[in-house]
Amino acid sequence: MIKLELKNIVRNPLVLILVLFLFVFILFASYNGKSRVNKQLEGIELVKNKENTFYTNHKNNLKSIEKGINEPPDRIFEDPTNPVAMGNYYGGRYLTVTPAPLAVISNGQSDIFPYYSKVNIGGTNAEKDNDNFENPINIATGGFDLAFVFVFILPLLIIAFSYNILSSEREQGTLRLLLSMPINIKSWLLKKIVFRYFFLVLLISALLTLSLSIIGVNFLNASYLVLLFSIALYTLFWFGLAFLVNLLNKSSSQNIILLLGTWLLFVLIIPSFVNIVASSVHPSPSRVEYITSKRAIEKEFEKKEEAILQKFYEENPSEKDKENEATNGFRTYWNKNFILLNEKNKFMNAFESKYENQSMNQREFANKLGWFSPAIILQNTMNEIAETDTQHYLSFQNTTKTFQKEWTNYFYTKYKNHQKLTVEDFNNFPKQKNN
């Protein structure tokens with residue numbers, strides 16, 4: 001039976017066409033993913049070169065100053081000995097999201113969240129340096145990646161591959177011949193389904209491996225096995241549906257309508273329903289609303305700055321005495337700025353925590369509902385393997401906030417103790433931990 005089934009598949013021109021299309025889809029999606037990752041790597045290299053050039057030039061200038069060849073620049077924010085100048089203004093450290101080995105398989109949230117962020121004393125994610133967002137048209141329409149191929153297109157190929165296994169025998173008049181033999185029709189159908197399942201899983205594994213090899217992706221890791229296993233389970237679900245539909249003894253046209261209906265239900269309708277319900281039960285403000293609210297809170301903080309400074313000096317009289325003794329306008333400004341910066345971070349963290357909690361509740365609720373759709377499960381799994389899921393980027397944002405405190409404390413300690421930066425200090429600036 002296996003040999004006969006294999007001959008039928010190989011000799012069927014429709015099957016060969018479907019295999020060819022599947023290979024083209026997988027290869028094209030792999031190429032798109034590789035192009036996206038290359039663009040991301042180029043962006044990371046660009047900002048890192050920019051950062052290295054800035055500090056290398058100032059470090060060389062500092063060497064000349066220490067040797068007495070040059071004098072410190074008149075403009076304070078260009079002075080390599082000034083901690084604030086090197087920790088803020090044009091200075092700062094770029095934190096980056098290194099693409100995962102299998103980042104090519106899914107765009108995920110990579111076209112929404114930034115993959116690098118500039119951190120300095122003033123804050124994180126300096127907007128003038130973050131040009132790493134996709135075209136809004138691309139965000140709206142989505143990208144043609146491997147996740148799209150396997151979540152959306154693969155079920156359609158399975159339907160075309162299995163919708164009429166039993167009905168075609170009846171319509172061709174060969175079912176009576178089968179029934180006259182000492183075989184169980186359910187067992188016969190199951191064997192055909194199982195054979196086609198393994199044939200397609202092995203074919204997908206071979207085509208995916210070949211495509212990733214062609215574009216130069218290193219897939220020799222445990223994550224790749226998880227990916228293949230997830231695709232195999234997803235494929236099993238659709239072949240299982242095809243098996244049940246074939247048992248209904250409907251015509252081929254009725255079978256394909258039923259299977260296409262289930263495709264619409266699990267791939268389009270339920271995911272849309274989950275999104276609507278999650279947004280209704282746990283609404284979160286849009287990014288436009290978030291930015292608008294953030295600007296309003298920043299203006300509100302500006303109105304409270306004098307009151308904050310006055311309260312701080314009342315609680316810390318010694319700091320007020322230092323302020324009165326300061327004759328340098330630069331230090332007067334930054335003495336106040338460091339006080340306000342600390343309070344502003346507390347002020348903004350309260351606002352951002354509220355927004356983040358709303359978004360987190362919505363994601364958690366949507367993930368619970370997502371178990372009703374294998375399409376959502378596979379999409380989320382591929383996002384996690386590619387490390388392009390929302391949680392991965394939120395973890396990166398939390399990392400930038402933590403690093404910003406470390407960066408600020410390093411330069412503030414130097415500033416507070418009236419210490420000038422040395423060449424050795426440049427080598428000891430805080431750096432991003434390997435992710």
Which residues, taken from the range 97-112, are open to solvent by 10 Å² or more (accessible area, probe 1.4 Å) and of a type outside the set (Gly, Ala, Ser)?
-> 98, 99, 101, 107, 109, 111, 112
Do you know which residues across the range 382-396 are part of a helix (DSSP H, G or I), touching a residue at least 60 places away in the same chain (Cβ under 8 Å) and surrounded by 17 or more Cβ atoms within 10 Å (Cβ to Cβ)?
-> 382, 383, 385, 386, 392, 393, 396
Residue selected from the range 414-426 under the condition open to solvent by less than 70 Å² (accessible area, probe 1.4 Å) and assigned to a helix (DSSP H, G or I), by the criterion nearest to residue 119 (Cα to Cα) | 426
Can you pull out the residues in the range 17-69 that are small (Gly, Ala, Ser) and either surrounded by 12 or more Cβ atoms within 10 Å (Cβ to Cβ) or in contact (Cβ under 8 Å) with a residue 60 or more places away in the chain (or both)?
-> 29, 30, 33, 35, 43, 64
Would the range 283-294 turn up any residue that is under 30 Å from residue 375 (Cβ atoms), under 37 Å from the mean Cα position of the chain (by Cα), of a type in the set (A, V, I, L, M, F, W, C) and at pLDDT below 90?
-> yes
Look at residue 368 and say whether it is assigned to a helix (DSSP H, G or I), modelled with pLDDT of 80 or more and either within 19 Å of residue 412 (Cα to Cα) or not small (Gly, Ala, Ser) (or both).
-> yes
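The values are calculated or read from the model by the stated rules, or taken from the named source; none is laboratory data. The structure presented is a predicted model; accordingly, all values stated were derived computationally and were not measured. Cβ coordinates were reconstructed from backbone atoms using ideal geometry, including for glycine residues, and neighbour counts include every protein chain displayed. Surface accessibility is based on the protein's heavy atoms, side chains included, excluding ligands, DNA and RNA. Shrake-Rupley method; radii C 1.70, N 1.55, O 1.52, S 1.80 Å.
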